[in-house]
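Remarks on the structure that follows.
The numbers here are math on the coordinates, done by the rules we state, and not lab data. Since this is a predicted model, take the numbers as computed values, not measurements. Cβ sites come from the backbone with ideal geometry, for glycine too, and all protein chains shown count toward neighbours.
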Amino acid sequence: MAASPSPARLLSRGLGFATELGASALRFGWYYGVNSLAERQVAQLGTSRRYKPTRPVPTRQELIADLGRLMLLDAEGVSAGRLPPSEVDALDLPAHLGRLRQMFADLPATVARRESEDAASAKAEPAAEGLPEYFTQDFHFQTGGYLSEASARLYDVQVETLFYGVANVMRRAALPFIADAVAGRDQREVRLLDVACGTGRLLRQIRLAWPAMQLAGVDLSRAYLDEARAHLEPLRPVELLQSNVEALPLPDASQDVVTCVFLFHELPPDVRRRVTGEIARVLKPGGTLVFVDSLQMGDRPGWDGLLEAFPVRFHEPYFRHYAIDDLDRMFADAGLAPHATMPAFLAKVMVRRRAL
């Protein structure tokens, strides 16, 4: 019979649970306030991109209750020692406030592009030369798209503001499935690739959880990779590669785990399938894909109105197709068999395994 946890261990778990849950709640409250200020500034600019969905939308109480469940699940993982504690950006308060000030200073230009439906500032960036057309545009109408240093600096606070501080919690929903995939293995022998790693937030969480794992990230934006390097300091180095993920610069069957977070809704349908094929190619037989992206139509029928409104309010040219795309068939066609699927607030986690 297994020994019962000691009182000290139980107390430690309880404190870990309370600390993590409190940090998530504070993050939500902080960014809820930032979001409200941003919306007020948008209103003062004399513009509002309102849209009345034709499909059902959840109540505020339903949204907060579901978010609370995800926060509880995350806190339970931390208290059990399966997940690293989340980090609070505002602990470096001067840097955090500086990014927020820059975000608010940039907001009038962002709103002007939204009103004029101009998503072309990224094309003016020197880094845009030679990149795919679908990538050189201003997703979310953010200045510089994904190609400028300023965009990379502001991206995380912009996304957290958009999602009331819960983008981090949705992203962390991938971690328990990574833990399942590597359970019982020597982490020094495990290779994990993060596809479209962006500013490296998920890679940092993975590195904190598995300090000796062999980690790599690939992204098309040099500016975002530079930001990722800054976020990953001073942890054990992660290999960061600049490449189009339609042709991953890695050998066949070289990765035990591949993660991909919030990428596919920003890809054209044919590109989604090429990237899926590349993920399957680099996975070892029996390897695991942990995929996190937006909910799709029908995942939560009472929430479909939110998905309907999202591409109207923000520049997301491929989202409508993503919302109805048959991801199960796409993964199956690439040889990735279903293992698990779980909602994570406005996102969902899909775990797929390459056949042995």
## Note on the structure
Per the rule of 0.36 nm per residue minus the C-alpha distance, extending Val312 to Ala65 adds in nm 86.3 nm
### Task
Read phi for every residue in region 239-244 and hand back ³J(HN,Hα) as whole Hz from Karplus 6.51 cos²θ - 1.76 cosθ + 1.60, θ = phi - 60°, with x for Gly and Pro.
6, 10, 10, 8, 6, 6
### Message
Averaging over every viewing direction, what projected area does the convex hull of the Cα atoms of region 301-356 cover, in nm²?
### Response
4.6
### Task
May I ask you to derive the FRET efficiency for His339 and Leu235 from their Cβ-Cβ distance with R0 = 41 Å, giving the value to the nearest 0.05?
0.90
### Query
Under a Cβ-Cβ cut-off of 11 Å, what is the net charge of the residues other than Val349 that fall near it, where Lys and Arg count +1 and Asp and Glu count -1?
+3
### Message
Taking 0.36 nm per residue of sequence separation and subtracting the Cα-Cα distance, how much length would be gained by fully extending the chain between Ala105 and Ser243, in nm to one decimal?
### Response
46.5 nm
### Query
Mean separation of Cα pairs under 8 Å and 6+ residues apart, divided by the residue count of the chain: what relative contact order is that in percent?
17
### Query
With a Cα-only, solvent-free Debye model of the chain, what are the log10 I(q)/I(0) values at q = 0.09 Å⁻¹?
-0.50
### Query
At q = 0.13, 0.18, 0.21, 0.29 Å⁻¹, what is the log10 ratio I(q)/I(0) for region 178-242, with the Debye formula run over Cα points and no solvent?
-0.31, -0.58, -0.77, -1.28
### Message
Let's test this: bin the Cα-Cα distances of region 119-278 at 10 Å from zero up to the farthest pair and state each bin's percent.
### Response
10, 39, 38, 12, 1
### Task
Please report how far the C-alpha centroid of region 21-47 lies from that of region 264-331, rounded to the nearest whole angstrom.
27
### Query
Given H placed 1.01 Å from N in the peptide plane, which residues other than close sequence neighbours of Val349 have an amide H under 5 Å from its amide H?
Met342, Ala344
## Note on the structure
Sites removed, the longest contiguous part of the chain containing no DSSP-loop chymotrypsin sites (Phe, Trp or Tyr not before Pro) with at most 14 other Cβ within 10 Å is 135-356
### Message
Starting from the 7 Å offset along Cα-to-Cβ, what nm value, one decimal, do you get for the label separation of Arg50 and Ala212?
### Response
5.9
### Query
How big is the antiparallel share of DSSP beta bridges in the chain, given as a percent to the nearest 5?
45
#### Entry: Residue-span extension gain [Ala112 to Glu189] - 0.36 nm each, minus C-alpha spacing
22.7 nm
### Message
Using Cα springs under 10 Å in a Gaussian network model of the chain, which residue among Pro56, Pro234, Pro343 shows the largest mean-square fluctuation?
### Response
Pro234
### Task
Compute the distance in nm between two label points, each set 7 Å from the Cα along the Cα-to-Cβ direction, one at Gln41 and one at Leu73.
3.3
### Query
With a Cα-only, solvent-free Debye model of region 167-354, what are the log10 I(q)/I(0) values at q = 0.15 Å⁻¹?
-0.87
### Query
If you add up the charges near Leu215, with Lys and Arg at +1 and Asp and Glu at -1, over every other residue whose beta carbon is less than 9 angstrom from its beta carbon, what do you get?
+1
